[in-house]
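*Asks:* Shown below is the structure under consideration.
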Amino acid sequence: MEIKCIIIDDEPLAIKIVSNYLIEFPNFNLVNAFNNPLEAIETIKENDIDVIFLDINMPKMNGLEFIRNLDVKTNVVITTAYREHALESYDLDVLDYLVKPIPFTRFLKTINKVTQKVHLLKGSKKIDDTNDEGFIFFKVDKKLVKIKFDDILYIESLKDYIKIITVTGNYLVHKSLTSVTDELPSENFLRIHRSYTIAINKVLSLEGNLVEISSKKIPIGRKYVNHAKQVILNN
């Protein structure tokens, strides 16, 4: 699914950085970039823009004023050098808040968040056996790997890394289990242990405090057991 986006920032270097990041994600179509928010309004209306990467401190109209006056519903990701506007921006229902300089790993998390939100808004967020459109990007060995939600069997925590076990192979990613679980759709994935998050529809059997996925017996942690069993049995 193509995701149309624009950048609004009065700093050419900031535009260049975000543009270069976006090149890494072929499903993101950068329609245009603007250094003045007023110049972007017609493009937003005419192109059905999915997400705006928006600076705050700009001449003529700052980013927060722009959001308040924008009469087209779209996702907004704030890109700013100032942390103090975070609370106000979330009151305006922005999707994410990025502080410059923006690390690529942090930008990747935003990309995954945007992707899920756009899929949800366009009616393709719910992932089941007949729908493989949902996916997430992970940085693996210095390259970005696109993994479909429906291919994931389970994810195991290995201290500072996670191992993603899929139907096509395994991937080692420098990320925490908590952060990746937050990025996955909650209707499809469930944390059942401090070291494991599973794909709910891949559970083959439930025996005591163990679930079986692809011949692997995975323990359910004590604090997760009641909720986990309820979700698995009702799935």
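The values are calculated or read from the model by the stated rules, or taken from the named source; none is laboratory data. As the structure is a prediction and not an experimental result, all values here were calculated from the model. Methodologically, a virtual Cβ is constructed for each residue, glycine included, from the backbone with ideal geometry; neighbour enumeration extends over all protein chains shown. What goes into the accessible areas is simple: the full protein's heavy atoms, side chains included, and nothing from ligands, DNA or RNA. Shrake-Rupley method; radii C 1.70, N 1.55, O 1.52, S 1.80 Å.
*Asks:* Out of (1) in contact with a helix residue (DSSP H, G or I) (Cβ under 9 Å, 6 or more places away or on another chain); (2) modelled with pLDDT of 95 or more, the odd one out for Leu13 is which?
*Replies:* Every listed condition holds for Leu13 apart from (1).
*Asks:* Answer yes or no as to whether Leu206 is modelled with pLDDT under 95 and either under 20 Å from Lys223 (Cα atoms) or surrounded by fewer than 20 Cβ atoms within 10 Å (Cβ to Cβ) (or both). Show your work before the answer.
*Replies:* Working: modelled with pLDDT under 95: yes; either under 20 Å from Lys223 (Cα atoms) or surrounded by fewer than 20 Cβ atoms within 10 Å (Cβ to Cβ) (or both): yes.
Criteria met by Leu206.
*Asks:* Residue check: is Thr168 open to solvent by 40 Å² or more (accessible area, probe 1.4 Å), within 25 Å of Ile3 (Cβ to Cβ) and among the β-branched types (Val, Ile, Thr)? Don't jump to the end; show me each part of the working.
*Replies:* On the way: open to solvent by 40 Å² or more (accessible area, probe 1.4 Å): yes; within 25 Å of Ile3 (Cβ to Cβ): yes; among the β-branched types (Val, Ile, Thr): yes.
Here the answer is yes, as Thr168 does meet what is asked.
*Asks:* Please return the ranges of strands (runs of 3 or more DSSP E) entirely within segment 5-123 where 2 or more residues are touching a residue at least 40 places away in the same chain (Cβ under 8 Å). Step through it out loud before you land on a result.
*Replies:* Values: elements: 28-34, 51-54, 75-80, 96-99.
Strands (runs of 3 or more DSSP E) meeting the threshold: 51-54, 75-80.
*Asks:* Give segment 48-74 a look and list any residue that's under 14 Å from Leu95 (Cα atoms), touching an Asp or Glu at 6+ places or on another chain (Cβ under 9 Å), open to solvent by 10 Å² or more (accessible area, probe 1.4 Å) and not acidic (Asp, Glu), or say none.
*Replies:* Ile67, Thr74
Every residue, every condition in (1) within 17 Å of Leu144 (Cβ to Cβ); (2) out of contact with any Lys or Arg (no Cβ under 9 Å at 6 or more places or on another chain), yes or no:
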{"residue": "Tyr21", "(1), (2)": "yes, yes"}
{"residue": "Thr43", "(1), (2)": "no, yes"}
{"residue": "Val51", "(1), (2)": "no, no"}
{"residue": "Phe66", "(1), (2)": "no, yes"}
{"residue": "Asp71", "(1), (2)": "no, no"}
{"residue": "Val76", "(1), (2)": "no, yes"}
{"residue": "Ala81", "(1), (2)": "no, no"}
{"residue": "Glu88", "(1), (2)": "no, yes"}
{"residue": "Thr115", "(1), (2)": "yes, yes"}
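The rows are residues; the columns are (1) polar (S, T, N, Q); (2) crowded, with 20+ Cβ neighbours inside 10 Å; (3) more than 16 Å from the chain's Cα centre (by Cα).
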site: Ile8; (1), (2), (3): no, yes, yes
site: Lys16; (1), (2), (3): no, no, yes
site: Ser19; (1), (2), (3): yes, no, yes
site: Val31; (1), (2), (3): no, no, yes
site: Pro37; (1), (2), (3): no, yes, yes
site: Ile41; (1), (2), (3): no, no, yes
site: Ala81; (1), (2), (3): no, no, yes
site: Tyr90; (1), (2), (3): no, no, yes
site: Pro103; (1), (2), (3): no, no, no
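*Asks:* Another question, then. Within segment 137-162, can you find the residues that are of a type outside the set (Gly, Ala, Ser), crowded, with 18+ Cβ neighbours inside 10 Å and more than 14 Å from Ile213 (Cα to Cα)?
*Replies:* Within segment 137-162, Phe137, Phe138, Ile147, Phe149, Ile162 qualify.
*Asks:* Still on this structure: Quickly run through segment 185-198 and pick out the residues that are open to solvent by less than 10 Å² (accessible area, probe 1.4 Å), at pLDDT 90 or above and touching a helix residue (DSSP H, G or I) at 6+ places or on another chain (Cβ under 8 Å). Spell out how you get there, then give the answer.
*Replies:* Taking segment 185-198 as the starting set, the residues that turn out to be open to solvent by less than 10 Å² (accessible area, probe 1.4 Å) are 185, 192, 197-198.
Now narrow it down to the ones that are at pLDDT 90 or above: 192, 197-198.
Residues satisfying the conditions are Ile192, Thr197.
*Asks:* Being surrounded by 13 or more Cβ atoms within 10 Å (Cβ to Cβ) and touching a helix residue (DSSP H, G or I) at 6+ places or on another chain (Cβ under 6 Å) is the filter; apply it to segment 210-235 and report the residue that is farthest from Phe149 (Cα to Cα).
*Replies:* Filtering first and then ranking leaves Ile220.
*Asks:* So, Lys45, is that one more than 18 Å from the chain's Cα centre (by Cα), over 15 Å from Val118 (Cβ atoms), of a type outside the set (Gly, Ala, Ser) and open to solvent by 20 Å² or more (accessible area, probe 1.4 Å) or not?
*Replies:* Numbers: more than 18 Å from the chain's Cα centre (by Cα): yes; over 15 Å from Val118 (Cβ atoms): yes; of a type outside the set (Gly, Ala, Ser): yes; open to solvent by 20 Å² or more (accessible area, probe 1.4 Å): yes.
In short, yes.
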